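Chemist: Pasting in a structure now, in structure tokens, and then I'll have a few things to ask.
Please treat every number below as a calculation from the coordinates, not as lab data. Here the structure is a predicted model, which means the values were calculated and not measured. Glycine gets a Cβ as well: all are built from the backbone with ideal geometry, and neighbour counts include every protein chain shown.
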Ligand code: NDP
Ligand code: MG
């Protein structure tokens, strides 16, 4: 395999740092061309020293000044802001762009990379939730492969190798259920972020950890899967699988089901996306049946975990509704992390925002950007008015 030159967007995050660990293990296969971070100047400076990328991009103004100063004597170029991010991903020296920024903030750099024909490894699911139809259209037009990094979508992608897309009957996304599996509203009403951040199987960034606790993550993943694999809404199902060993399944038109399995470790789907279409050797711990006597599956409790229901509604409604859902969710998750809203109230605010915002059936990019802005403003206003 020729050496791939990587742009790792969000290199200071959970996915970004694990991607760099894969580079460490396979220096002959990967080199680092671009790194990006938002506020974690110290880690970005350390990464720049170690990997000597051509350039780093910092999106937070204060962190930019710190990084700029620290790297002033080095060969690493330092740029500020999202416009710079959109430019560097298009450089000729970039072969593969790993989209590992969290949230809506990752949308435009991914689109810009697609525009330039770069292969994408996509962790940033919010990109497809907000603008899946437009993003996939652009990718098809530019003949750009989008390789999923999200473990469920990587599982489905792997199950589909060698299969025809028109032989898919349905896909089944597995969900661990998060730290509050089996809990009821009378318990959830009092939970705080420290508890919500304690995921039983995965160690992830703060936003996705809260999304896992509310099951919004699975809702976002349904929408992500719809666009990524070109599915009808009815073809997408969710099952709770607390052990997180079966990462997702595809059922074909003859009733046969394929599953992809392994220990819950994001390094595996990250490595798969980075190396695709190759599979490369590694020394990650292996799954052993004897350590898992029972693998269990159950229906999600959508009455308690209303976010999954709201996301399903948004998926069926389509248009700008998933964008509105996502924006309201980013606002409430941020508020929850700052102890400004209760666990259950997050769903109330998302629901009210979805009811309030004007529906657009076929939004263009400008309309999606406007929907995102309006939904955020409305959700913020609800937070303030209700004094949660
Ligand atoms: P983290 O919060 O750990 O990292 C987020 C990264 O994005 C950091 O590098 C951060 O920079 C950067 N960032 C944050 N805000 C902005 C912004 N406004 N503009 C530009 N960059 C920004 O997140 P994760 O790594 O957990 O998740 C990244 C994406 O991958 C998410 O979309 C998530 O849903 C998805 N994903 C994550 C999984 C996981 O296991 N973590 C599993 C599956 C999907 P800084 O740290 O410098 O502030
Ligand atoms: Mg996932």
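Chemist: What FRET efficiency do you get for residue 370 and residue 291 if R0 is 41 Å and r is their Cβ-Cβ distance, rounded to the nearest 0.05?
Modeler: Plugging the Cβ-Cβ distance into 1/(1 + (r/R0)^6) gives 0.20.
Chemist: Now for a separate question. Once the mean 1/r over all distinct Cα pairs of the stretch 124-221 is inverted, what Kirkwood radius in angstroms do you read off?
Modeler: 15.6 Å
Chemist: Additional query: Residue 190 label point, 7 Å along Cα→Cβ, cut-off 12 Å on backbone N: hits in the stretch 288-329?
Modeler: From the stretch 288-329, the list is empty.
Chemist: In bins 5 Å wide, starting from 0, what share of all Cα pairs of the stretch 219-282 does each bin hold, as a percent?
Modeler: Percent of pairs per bin, in order: 3, 13, 18, 25, 22, 14, 4, 0.
Chemist: Using a Förster distance of 30 angstrom, determine the FRET efficiency expected from the C-beta separation of residue 66 and residue 17, and round it to 0.05.
Modeler: For residue 66 and residue 17, the calculated efficiency is 0.95.
Chemist: Tell me, Kirkwood radius of the stretch 223-333 from alpha-carbon pair distances, in Å?
Modeler: Evaluated on the stretch 223-333, it is 16.9 Å.
Chemist: With 10 Å bins from zero, work out the P(r) of the stretch 59-123 over every alpha carbon pair and list the percent per bin.
Modeler: Bins of 10 Å from zero give 20, 46, 30, 3 percent of pairs.
Chemist: Per residue, how big is the convex hull around the C-alpha atoms of the stretch 246-289? Give it to me in cubic angstrom, could you?
Modeler: For the stretch 246-289, the hull spanned by Cα atoms encloses 100 Å³ per residue.
Chemist: Stokes-Einstein diffusion coefficient for the stretch 114-170 at 10 °C in a medium of 1.306 mPa s, Rh from the Kirkwood formula over Cα pairs: what value in µm²/s?
Modeler: The calculation lands on 129 µm²/s.
Chemist: Of all the C-alpha pairs in the stretch 163-273, what % are more than 18 Å from each other?
Modeler: That tail contains 55 percent of the Cα-Cα pairs.
Chemist: Compare 319, 205, 73 in a GNM of the chain, Cα atoms joined below 10 Å, and give the one with the largest fluctuation.
Modeler: Ranking 319, 205, 73 by mean-square fluctuation puts 73 first.
Chemist: Based on other C-beta atoms within 10 Å, arrange 87, 221 from fewest to most.
Modeler: Ascending number of Cβ neighbours within 10 Å: 87, 221.
Chemist: Report D for the stretch 324-376 in µm² per second (integer): Stokes-Einstein, Kirkwood Rh on Cα pairs, 25 °C, 0.890 mPa s.
Modeler: Roughly 214 µm²/s, to the nearest whole number.
Chemist: Apply the Kirkwood formula to the stretch 47-187: the hydrodynamic radius equals the inverse of the mean of 1/r over all pairs of different alpha-carbon atoms; give it in Å with one decimal.
Modeler: So the Kirkwood estimate lands at 17.6 Å.
Chemist: A further question on this structure: Given the options 354, 346, 165, state which has the largest fluctuation in a GNM of the chain using a 10 Å cut-off (strictly under) for Cα springs.
Modeler: Largest GNM mean-square fluctuation: 165.
Chemist: Need one number: the % of Cα-Cα pairs in the stretch 282-388 sitting beyond the 21 Å mark.
Modeler: 46 percent
Chemist: Find how many whole Å separate the alpha carbon centroid of the stretch 125-155 from the alpha carbon centroid of the stretch 97-118.
Modeler: 10 Å
Chemist: Looking at the calculated P(r) for the stretch 1-90, what percent of the C-alpha pair distances fall above 19 Å?
Modeler: Across the stretch 1-90, Cα pairs with separations above 19 Å total 32 percent.
Chemist: If you wrap a convex hull around the C-alpha atoms of the chain and split its volume per residue, what is the figure in Å³?
Modeler: Hull volume normalised by residue count: 141 Å³.
Chemist: Mind telling me which of 271, 281, 137 comes out most flexible in a GNM of the chain, alpha-carbon contacts under 10 Å?
Modeler: Comparing 271, 281, 137 in a Gaussian network model of the chain, the most mobile one is 281.
Chemist: In Å and on Cα atoms, what radius of gyration and Dmax does the stretch 200-250 show?
Modeler: In order Rg, Dmax, the Cα atoms of the stretch 200-250 give 11.8, 31 Å.
Chemist: From the helices alone, meaning DSSP H stretches of at least four residues, give me the mean residue ellipticity at 222 nm for the chain, per-run term -39500 (n - 2.57), in deg cm²/dmol to the nearest 500.
Modeler: Only helices count here, giving -14000 deg cm²/dmol.
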